[in-house]
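> The structure is given below, and queries will be raised subsequently.
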Amino acid sequence: MRNKARIAEVKTLSCSNSFRNYHFLKITTEDGTVGWSEFDENFGSPGVAYIINELSHRLIGQSVLLHEHIREDLSDVTRPALSGVIAQAIGAIENALLDAKAKIMDVPAHVLLGGMVRDKIRVYWSHCVAYRMRTEHFSPPIHDADGVRQIANDVRNDGFTALKTNIFEYDANDRISAWAPGFGRPHDLSRNVERKTRQDLRRHLEIMRESAGPDIDILLDLNFNARTDGYLEMIREINDLDIFWVELDTLDPKALAYIRSKSNHPIASCETLLGLQQFLPFFQNQAVDVAIIDTPWNGVWQSLKIAAAAAAYEVSVAPHNFYGHLCTMMNAHFSAVVPNVRIMETDIDRISWDSEVFTHAPEYKDGYLILPDRPGWGTEPNEEALKKYPPLAKTGLINRTATPRLDF
């Protein structure tokens with residue numbers, strides 16, 4: 001087994017996902033076993049594939065069974081800059097090694113990760129409204145408050161029990177627009193939260209609550225769209241509403257702990273952190289109720305260590321998951337073995353060719369993802385289908401919004 005598990009080839013692939021690209025890593029052993037992982041270059045992370053390819057020569061001839069050894073070797077040779085896209089590249093390598101190792105052992109990945117404590121994982125329907133505003137890719141399209149009501153109804157009628165939405169502004173005709181200055185929409189360096197923005201946020205949540213009904217949990221994601229005072233303004237505006245959690249991003253754990261102290265709702269955060277050392281100050285400062293872990297970025301094996309540390313501080317965790325079906329399966333196996341998982345993110349609105357690109361789609365029943373029992377992650381890309389949908393030349397946050405020119 002040891003010799004057959006030696007790595008013979010490391011290859012990255014990608015294809016179009018309509019408005020962004022899917023990215024995959026394929027590691028093949030000398031006996032033909034293939035380990036897959038999915039990574040991302042759209043969410044502020046250009047160049048991950050380049051880093052993987054730069055590191056790939058160090059994998060050739062090594063055994064996929066020794067994923068911890070390989071990770072430490074890669075960490076050693078990148079240590080002066082061991083963060084950002086380098087850490088994400090190493091995470092992608094770790095995840096492909098885990099898939100290959102599980103396939104060699106002929107077991108589902110959750111067995112390799114320690115064994116499941118649950119065989120189904122509660123999920124929430126993420127990006128409610130945001131995706132359907134991309135009318136050229138998703139349907140039915142959302143232009144106004146009626147579309148918001150429609151998708152809230154769809155969540156309930158399709159058997160899901162929770163949804164997550166974002167910040168939207170409403171004009172005099174009830175037409176909506178996204179408000180995300182943290183991501184350059186609009187370009188506003190101040191990221192101040194004015195009265196209309198917070199009032200529109202409240203109205204948006206009230207519309208969703210009325211249409212979804214009293215039994216659907218509503219999660220709110222504020223992202224990086226404010227500073228401490230702005231987050232406090234929005235939290236005060238909605239403190240009396242029925243909200244499952246308020247999610248927001250700041251890199252200051254003490255500021256987040258202060259925001260948490262003023263919120264009537266649980267606070268979720270940390271989705272952009274990399275490595276246990278970055279998470280620890282948020283646990284030590286009691287800054288979060290739920291730590292969101294991006295397992296494609298961190299690597300699932302390392303994410304287990306983060307989740308264990310969170311448990312020591314009585315903190316729940318939740319996967320960051322807005323990618324393709326392979327990432328969803330990776331997160332499902334992680335969620336199956338971690339006792340302190342709160343709920344799992346997933347995107348239910350999908351592009352039409354997802355069923356071609358992946359060999360298996362997640363199975364959902366009554367608001368839960370049913371854990372697959374196939375070897376490895378339980379799905380993989382269809383390479384022939386990838387060729388049908390070549391990757392887009394320019395995608396991701398770096399190509400989304402040009403900064404207005406300032407003429408002097």
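> If I ask for residues that are over 18 Å from Val193 (Cα atoms), over 23 Å from the mean Cα position of the chain (by Cα) and of a type in the set (A, V, I, L, M, F, W, C), which ones from region 238-256 would you list? Walk me through how you get there before you give the answer.
We begin by selecting, within region 238-256, every residue over 18 Å from Val193 (Cα atoms); these are 240-245, 251-254.
Right, trim to over 23 Å from the mean Cα position of the chain (by Cα) and you get 240-242, 254.
Passing the criteria: only Leu241.
> Any chance region 142-156 includes a residue that's at negative phi, assigned to a loop (DSSP other than H, G, I, E, B), surrounded by 19 or more Cβ atoms within 10 Å (Cβ to Cβ) and touching a helix residue (DSSP H, G or I) at 6+ places or on another chain (Cβ under 8 Å)?
We begin by selecting, within region 142-156, every residue at negative phi; these are 142-156.
With assigned to a loop (DSSP other than H, G, I, E, B) added as a condition, the list becomes 142-143.
Remaining after also requiring surrounded by 19 or more Cβ atoms within 10 Å (Cβ to Cβ): 142.
Adding the requirement that they be touching a helix residue (DSSP H, G or I) at 6+ places or on another chain (Cβ under 8 Å) leaves 142.
Yes - at least one qualifying residue is present in region 142-156.
> While we're here: Before we move on, is Met133 aliphatic (A, V, I, L, M) and in contact with a Pro (Cβ under 8 Å, 6 or more places away or on another chain)?
In short, yes.
> Here's a follow-up. When you go through Asn321, Asn340 one by one, which is the residue that is at pLDDT 95 or above, under 30 Å from Lys262 (Cα atoms) and touching a Cys at 6+ places or on another chain (Cβ under 7 Å)?
Unique residue meeting the criteria: Asn321.
> While we're looking at this one, here's another question. Are any residues in region 1-48 basic (Lys, Arg) and at pLDDT 95 or above, and if so, which ones? Write out each step before concluding.
Going through region 1-48, the residues basic (Lys, Arg) turn out to be 2, 4, 6, 11, 20, 26.
Once the filter is applied, which keeps residues that are basic (Lys, Arg) and at pLDDT 95 or above, region 1-48 yields Arg6, Lys11, Lys26.
> Of all residues in region 120-135, count the ones that are in contact with a Gly (Cβ under 7 Å, 6 or more places away or on another chain) and part of a loop (DSSP other than H, G, I, E, B).
Of region 120-135, the ones in contact with a Gly (Cβ under 7 Å, 6 or more places away or on another chain) are 122-123, 132.
If we keep only those that are part of a loop (DSSP other than H, G, I, E, B) too, we end up with 132.
So the count comes out to 1.
> Could I ask something else about it? Hey, can you tell me all the residues within region 56-94 that are out of contact with any strand residue (DSSP E or B) (no Cβ under 8 Å at 6 or more places or on another chain), among the hydrophobic types (A, V, I, L, M, F, W, C) and farther than 26 Å from Val107 by Cβ?
Val77, Ala81, Leu82, Val85, Ile86, Ala87
> Looking only at region 179-203, which residues are part of a strand (DSSP E or B) and either out of contact with any Lys or Arg (no Cβ under 9 Å at 6 or more places or on another chain) or under 21 Å from Asn153 (Cβ atoms) (or both)?
Just the residues of region 179-203 that are part of a strand (DSSP E or B), to begin with: 180, 185.
Hit for region 179-203 is Ala180, nothing else.
> Turning to a different aspect of this structure: Can you name the condition, by its number, that Leu163 falls short on among (1) assigned to a loop (DSSP other than H, G, I, E, B); (2) buried (at least 21 other Cβ atoms within 10 Å of the Cβ)?
Every condition holds for Leu163 apart from (1).
> Quick check on this structure: which one of Val148, Val117, Val129, Val123 is more than 27 Å from Asp242 (Cα to Cα) and either over 24 Å from the mean Cα position of the chain (by Cα) or of a type in the set (Val, Ile, Thr) (or both)? So that I can check it myself, show each step before the final result.
Details: Val148 fails: more than 27 Å from Asp242 (Cα to Cα); Val129 fails: more than 27 Å from Asp242 (Cα to Cα); Val123 fails: more than 27 Å from Asp242 (Cα to Cα).
Of Val148, Val117, Val129, Val123, the one residue that is more than 27 Å from Asp242 (Cα to Cα) and either over 24 Å from the mean Cα position of the chain (by Cα) or of a type in the set (Val, Ile, Thr) (or both) is Val117.
> With respect to Met330, is the statement that it is under 20 Å from Phe244 (Cα atoms) and either assigned by TED's automatic domain parsing to the domain that holds Phe138 or modelled with pLDDT under 95 (or both) true?
Working: under 20 Å from Phe244 (Cα atoms): no; either assigned by TED's automatic domain parsing to the domain that holds Phe138 or modelled with pLDDT under 95 (or both): yes.
For Met330, the condition - under 20 Å from Phe244 (Cα atoms) and either assigned by TED's automatic domain parsing to the domain that holds Phe138 or modelled with pLDDT under 95 (or both) - is not met.
The values are calculated or read from the model by the stated rules, or taken from the named source; none is laboratory data. In this text the structure is predicted, and so the values were computed from the model without any measurement. Because the Cβ atoms are built from the backbone with ideal geometry, glycine has one as well, and the counts that use them run over all protein chains shown.
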